[in-house]
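Here the structure is laid out as structure tokens; the discussion comes afterwards.
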Amino acid sequence: MRIAIIGTGYVGLVSGACFSDFGHNVVCVDKDVAKIEALERGVIPIFEPGLAQLVARNIAAGRLAFTTKLAAAVAGAEAIFIAVGTPSRRGDGHADLSYVYGAAREIAAELKGPAVIVTKSTVPVGTGDEVERILREAVPAARAWVVSNPEFLREGAAIEDFKHPDRIVIGAEDSEAAEIMREVYRPLYLNKAPLLITSRRTAELIKYAANAFLATKITFINEIADLCEAVGGEVQDVARGIGLDGRIGSKFLHPGPGYGGSCFPKDTVALLKTAEDNHAPLRIVEAVVKVNDARKRAMGRKVIRALGKEPRGKIVALLGLAFKPNTDDMREAPSIDIVRVLEDAGVQVRGYDPESMEQARPIMPDVELCSGPYEAAAGADAVVLVTEWDQLRALDLERIAASMRRKVLVDLRNIYPPEEVEEAGLAWHGIGRPARSIVGSDG
Ligand SMILES: NC(=O)c1ccc[n+]([C@@H]2O[C@H](COP(=O)([O-])OP(=O)(O)OC[C@H]3O[C@@H](n4cnc5c(N)ncnc54)[C@H](O)[C@@H]3O)[C@@H](O)[C@H]2O)c1
């Protein structure tokens, strides 16, 4: 099949590369000239494991191409995916649909043959109706269908997720459109990936409901972690104890500094806006958003408490800055709020991340970015584990302790057992169980 992808960001690039790997002919379009020029030279603009090889292999096979010219990509395409951004609209938190509608208008202007127009971007319920209206207004006679096909991939595991999805959701109003979509996903369908065909509005809603539910699960265990700290429980055991219940499931029960990233924060807020507009309040999601926002700053205060009496002039090393491991994405990363709280309290902040330092630099200009975890820790008063990169899971804690000025480890991901941390001579502060000792603290 011939496929065009409009928007070559995280989702567009991964989808395009995977579709071409299935054997389809794919052209990825982006307005960003520098991005397309880089991709044509084989330079991948994002960090995603396995993506560079996948892109190179399919370019070499002649199945994957990049362009800034939408007209050329759309001509002859049987499926045209819209994978542009839907950020939070400044000021009110609604999803900003200007890129989606802009892309729809550009497609409409170039549409010749029969095609499905597929919104892969995460869009509020009813967006497909508006895309259809734009299309019908511009080309009333075109044989074109508008379909919703939300994407569930996770950054850091995007290729695996795309190729082995838990489910494929297709929201289509016509059987002809559903048939074309089945053809697009045939290789996965043959692999027995469940294909869920729903109405277009339902598909749009499924994506938001899924993200809101996952955000709720994270936030739930984070609050239970706070309670464990207060009453002397151990959150990891609680998570295991409830997660083994098949009705609950063990995934997304890892307490931490709060969810961030390019999806959960904006999607939960956008869902609330849809709920508000339709007089169907989602009070649980409202609470989740509030609790998570407060939590990121609370983590900064937790570090300050671990520093002892006077934070001003102390040095704190943050290890891991991206919102999660295996990505260089800094969007809404908890590290941003933690840095703000620390800097407001007069703390000098250092940072290290295996992949996201270039992205972090403009966001946290006063943070001294270091070349490695040991460089960041040397002379510091506290080391804070913010993101659980594999590279940060087996640090030489004794070496770290020996190089520090005051010996405090704040483990916001519970990577290290407190006993191991203490044996290395560091005071342990973590999530979901009370801090155990005051070694190294001057409080
Ligand atoms: N990032 C994720 O993990 C993820 C997962 C699932 C769903 N989503 C959703 O997918 C959508 C895309 O997210 P992303 O992270 O890939 O965004 P992104 O910001 O990384 O990429 C969007 C790209 O679209 C391009 N673009 C915008 N308008 C264009 C136009 N008219 N023509 C051509 N290119 C255009 C931009 O230049 C940019 O490169 C969003 O709705 C997001 O919520 C993202």
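The values are calculated or read from the model by the stated rules, or taken from the named source; none is laboratory data. The model shown is predicted, which means the values in this text are computed figures rather than measured ones. Cβ: placed from backbone, ideal geometry, glycine included. Neighbour counts: every protein chain shown. These accessible areas exclude ligands, DNA and RNA; they are computed on the full protein's heavy atoms, side chains included. Shrake-Rupley method; radii C 1.70, N 1.55, O 1.52, S 1.80 Å.
Observations
- These residues, 66, 47, go from largest to smallest accessible area, 1.4 Å probe, as 47, 66.
- D (Stokes-Einstein, µm²/s), Kirkwood Cα radius, segment 361-443, 0.692 mPa s at 37 °C: 250
- Hits among aspartates and glutamates - C-alpha to C-alpha of residue 112 under 16 Å, sequence gap 8 or more where chains match: 78, 132, 137
- Unsatisfied cross-links (Cα-Cα over 27 Å) in the set 69/324; 266/314; 35/273; 266/309; 31/290; 273/296: 69/324; 266/314; 35/273; 266/309; 31/290
- Computed over the chain, relative contact order equals 12 percent, with contacts defined as Cα pairs under 8 Å that lie 6+ residues apart.
- Solvent-accessible area of residue 291, all protein chains in place: 40 Å² (probe radius 1.4 Å, heavy atoms, ligands and nucleic acids excluded).
- Each DSSP beta bridge with both residues in segment 67-174 is either parallel or antiparallel, and the antiparallel ones are about 20%.
- Shape call, segment 263-408: gyration tensor on alpha carbons, a/c limit 1.5: prolate
- Across all C-alpha atoms in segment 29-83, the radius of gyration and Dmax reach 11.7, 32 Å.
- Share of Cα-Cα pairs in the chain lying beyond 42 Å, as whole percent: 21
- For the chain, the dipole from Cβ point charges (+1 on Lys and Arg, -1 on Asp and Glu) about the Cα centre works out to 300 debye, to the nearest 20.
- Counting only Cβ charges, +1 for Lys and Arg and -1 for Asp and Glu, the dipole size of segment 337-443 around its Cα centre is about 220 debye.
- Across the options 432, 412, 354, the greatest Cα extent toward the positive end of the charge dipole of segment 299-443 (unit charges at beta carbon of Lys, Arg, Asp, Glu) belongs to 432.
- Shape category assigned to segment 190-308 from the gyration tensor of Cα positions, a/c cut at 1.5: oblate
- P(r) tail, segment 58-132: Cα-Cα pairs separated by more than 20 Å, 37% of all pairs.
- Here segment 1-105 is treated with +1 on each Lys and Arg Cβ and -1 on each Asp and Glu Cβ, and its dipole about the Cα centre works out to around 160 debye.
- Helices assigned as whole DSSP H runs in the chain whose Cα atoms extend at least 15 Å along their own long axis and whose mean Kyte-Doolittle hydropathy is -0.5 or higher are found at 10-21, 98-110, 200-231, 264-277, 283-307, 334-344.
- Percent of Cα pairs exceeding the 23 Å cut-off, where the set is segment 1-133: 30
- Between segment 280-325 and segment 95-171, the Cα center-to-center distance that results, in Å: 36
- Taking the DSSP beta bridges with both ends in the chain, the antiparallel portion is around 5 percent.
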